[in-house]
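Here the structure is laid out as C-alpha cells; the discussion comes afterwards.
What follows is calculated from the coordinates using simple rules that are stated; it is not laboratory data. Here the structure is a predicted model, which is why all the values come from computation and not from measurement. A quick note on method: Cβ atoms are made from the backbone with ideal geometry, for glycine too, and the neighbour counts reach across all protein chains shown.
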Ligand SMILES: [Cu+2]
C-alpha cells in the first residue's frame with residue numbers, strides 16, 4: 001500500500017513518517033521517501049487499516065492520502 005505524504009520537505013521528514021507508521025500494530029515494513037513524497041507500507045490487513053495508517057502520519061504532522069493499494 002502506498003500513501004502520498006505531500007508535507008514532507010526535507011531529509012528528516014521521511015524518518016519521522018516511517019517511525020510513526022512502524023508504531024502501528026500490524027505494520028511489517030515501511031519505506032518512506034522524500035522524492036517522491038510517499039510511504040510504502042506493508043501491513044497485516046487483519047491488524048491495521050489504511051485509516052489507522054493515515055491517522056498515524058497525520059498525528060505525526062504529515063497528513064497523507066491513499067495513493068495505491070488496499
Ligand atoms: Cu523535514
Relative contact order for the chain, counting Cα pairs under 8 Å that sit 6 or more residues apart, in percent: 44
Angle between the chain longest axis and helix 13-22 axis [Cα atoms, degrees, rounded to 10]: 10
C-alpha long axis of helix 50-59 to longest principal axis of the chain, angle in °: 40
Per-bin percent of Cα-Cα distances, the chain [5 Å]: 4, 21, 36, 27, 10, 3, 0
Cα-projected label distance for residue 68 with residue 29, points at 7 Å along beta-carbon direction, nm: 1.7
